[in-house]
Amino acid sequence: MKYALIGCGRVAPHHLKAARANGFEIIAFCDSDFTHIDDMLERAQAVDLFADLPRYADWCEMLDTEQPDLVSIALPSGLHARAALDCIRRGVHTLIEKPMAMSLQDADAIIAAAEEYKVTVGVCHQNRFNIAVQEMRKAIDAGWLGQLSHGAVTVRWSRGKGYYDQADWRGKWESDGGTLMNQCIHGIDLLRWMLGDELVEVFGFTERRQHPYIEAEDVGVAVLKFANGAVATVEGTVNCTDIDLEEHLSVFGSEGMIKLGGTSANTVDVWQMPHSESDLSGLIEHTANVYGNGHTSLFKDFANAVQNGTKPYVDAIAGRNALETVLAVYKSAAEGRPVRLPLKECASADFKGRF
């Protein structure tokens, strides 16, 4: 399959490495600043391989000229939906970096366009492919935890002024959102996926405590209620000092409990279930950073879905669910009341001026 990459910033080397690992025919790169392409190739240790590939500042020009079969989008978040719709309407299979959009209206437009143009769309929630996460999911599907009672996700990372100064779209409501939308949405995706997907009520608080130079929140907490009766808590922040401290995901049931830890839910800290076939406590998947190792598996699954006409493991509905959860927290925090789901219309930009 002919593959092109749209957006060559911070996460782009992981996309390029995953495309290479899966044997894609890499044909072009797109970024408004070609120095980003040079930097990406350097970080991906791929300068000698791809430095001479065509480069485009306009993704529509690239799509029309190169006609890729598949693209991945790693642009600033506020551009995800527009680029995705341009790709889908040209019949190009599209893998979108999280969040899939900044509004539910745009997410729904992507889903509708994918159906209309018979295009496969997926979202980069690559932590679903973590070994520890996969084992947790297997245990839940096997019924080893019994009736699910509650769960929790905690994302405690660090992002200082230098991070936000690297790109002017970061920390802004229209183009990024805050820590829940950017850093914590992976953990929120995992929590919702594990506890049953159908969320009925959210109550949240968000604050901007240590980053006066951004528009959005740097800490958020929330309580979630699911249709199956399970409840859960979310804590997300970038206010840790100098280090990405941890990302924990815990699920509790009538027959046991599992707690994942590490910096990106990549270890098994607790595995306590009498009916489990083995004790996986202490399992560690070593990762070089908080992005984890899941991009390669996610790209492989997406390519298989394209080739076989099947649904990808992390499809557009999953991306919408994660986005809806974050927006529900934002809405609850802004209005000071619980919010009922499903949400039909809500956008990160709705909360401009919140702080």
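The values are calculated or read from the model by the stated rules, or taken from the named source; none is laboratory data. Here the structure is a predicted model, which is why all the values come from computation and not from measurement. With ideal geometry, Cβ positions are generated from the backbone for all residues, glycine too; neighbour counts draw on all protein chains shown.
Could you list, in sequence order, all residues of segment 3-12 that are surrounded by fewer than 22 Cβ atoms within 10 Å (Cβ to Cβ) and either more than 11 Å from Ala74 (Cβ to Cβ) or of a type outside the set (Val, Ile, Thr) (or both)?
Of all residues in segment 3-12, those surrounded by fewer than 22 Cβ atoms within 10 Å (Cβ to Cβ) come to 9-11.
Of everything in segment 3-12, those that are surrounded by fewer than 22 Cβ atoms within 10 Å (Cβ to Cβ) and either more than 11 Å from Ala74 (Cβ to Cβ) or of a type outside the set (Val, Ile, Thr) (or both) turn out to be Gly9, Arg10.
When you check Phe29 against the structure, is it under 28 Å from Ile185 (Cβ atoms), assigned by TED's automatic domain parsing to the domain that holds Met100 and either modelled with pLDDT under 95 or among the aromatic types (Phe, Trp, Tyr) (or both), yes or no? Even if it seems obvious, please write down each step before you answer.
Working: under 28 Å from Ile185 (Cβ atoms): yes; assigned by TED's automatic domain parsing to the domain that holds Met100: yes; either modelled with pLDDT under 95 or among the aromatic types (Phe, Trp, Tyr) (or both): yes.
Answer is yes for this residue.
Scan segment 269-280 and tell me whether some residue there is surrounded by 14 or more Cβ atoms within 10 Å (Cβ to Cβ), part of a helix (DSSP H, G or I) and modelled with pLDDT of 95 or more.
no
Would you please name the residue that is surrounded by the fewest Cβ atoms within 10 Å (Cβ to Cβ), looking only at residues in segment 14-24 that are in contact with a helix residue (DSSP H, G or I) (Cβ under 8 Å, 6 or more places away or on another chain) and assigned to a loop (DSSP other than H, G, I, E, B)?
The qualifying residue surrounded by the fewest Cβ atoms within 10 Å (Cβ to Cβ) is Asn22.
Among Arg55, Arg82, Arg43, Arg89, which is the only one that is at pLDDT 95 or above and within 16 Å of Ile27 (Cβ to Cβ)? Can you show your working first?
Values: Arg82 fails: within 16 Å of Ile27 (Cβ to Cβ); Arg43 fails: within 16 Å of Ile27 (Cβ to Cβ); Arg89 fails: within 16 Å of Ile27 (Cβ to Cβ).
So the residue among Arg55, Arg82, Arg43, Arg89 that is at pLDDT 95 or above and within 16 Å of Ile27 (Cβ to Cβ) is Arg55.
Per-residue answers, yes or no, for (1) at pLDDT 95 or above; (2) part of a loop (DSSP other than H, G, I, E, B); (3) surrounded by fewer than 21 Cβ atoms within 10 Å (Cβ to Cβ):
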site: Val306; (1), (2), (3): yes, no, yes
site: Asn321; (1), (2), (3): yes, no, no
site: Thr325; (1), (2), (3): yes, no, no
site: Ala328; (1), (2), (3): yes, no, no
site: Gly353; (1), (2), (3): yes, yes, yes
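Of all residues being β-branched (Val, Ile, Thr) and either out of contact with any helix residue (DSSP H, G or I) (no Cβ under 6 Å at 6 or more places or on another chain) or outside the structural domain of Ser250 (by TED's automatic domain parsing) (or both) in segment 166-213, which is surrounded by the fewest Cβ atoms within 10 Å (Cβ to Cβ)? Just the residue, please.
Restricting to residues being β-branched (Val, Ile, Thr) and either out of contact with any helix residue (DSSP H, G or I) (no Cβ under 6 Å at 6 or more places or on another chain) or outside the structural domain of Ser250 (by TED's automatic domain parsing) (or both), the top hit is Val200.
Could you please tell me which pairs satisfy a Cβ distance under 9 Å, a separation of 6+ or placement on different chains, a first residue in segment 278-290 that is without any contact (Cβ under 8 Å) to a residue 12 or more places away in the chain, and a second residue that is assigned to a strand (DSSP E or B) and of a type in the set (A, V, I, L, M, F, W, C)?
Listed by first residue and then by second, the contacts come to Ser278/Trp271; Asp279/Trp271.
All but one of (1) in contact with a Cys (Cβ under 9 Å, 6 or more places away or on another chain); (2) over 26 Å from Arg128 (Cα atoms); (3) of a type outside the set (A, V, I, L, M) hold for Thr237; state the number of the condition that does not hold.
It fails just one condition, (2).
Can you confirm whether Ile96 is of a type in the set (A, V, I, L, M) and farther than 20 Å from Trp169 by Cα? Can you show your working first?
Working: of a type in the set (A, V, I, L, M): yes; farther than 20 Å from Trp169 by Cα: no.
So Ile96 fails the test.
Going by the conditions given, is Asp168 part of a loop (DSSP other than H, G, I, E, B), on the phi > 0 side of the Ramachandran plot and not basic (Lys, Arg)? Walk me through how you get there before you give the answer.
Numbers: part of a loop (DSSP other than H, G, I, E, B): yes; on the phi > 0 side of the Ramachandran plot: no; not basic (Lys, Arg): yes.
So Asp168 fails the test.
Would you confirm whether or not segment 99-109 contains a residue that is free of Cβ contacts under 8 Å to residues at least 60 places away in the same chain, among the aliphatic types (A, V, I, L, M) and not assigned by TED's automatic domain parsing to the domain that holds His248?
Yes: segment 99-109 contains one or more residues that are free of Cβ contacts under 8 Å to residues at least 60 places away in the same chain, among the aliphatic types (A, V, I, L, M) and not assigned by TED's automatic domain parsing to the domain that holds His248.
How about segment 14-48: which of its residues are under 19 Å from Asn127 (Cα atoms) and among the aromatic types (Phe, Trp, Tyr)?
Once the filter is applied, which keeps residues that are under 19 Å from Asn127 (Cα atoms) and among the aromatic types (Phe, Trp, Tyr), segment 14-48 yields nothing.
Limited to segment 25-49, what total is found for residues that are surrounded by fewer than 21 Cβ atoms within 10 Å (Cβ to Cβ) and part of a loop (DSSP other than H, G, I, E, B)?
Total satisfying the criteria: 5.
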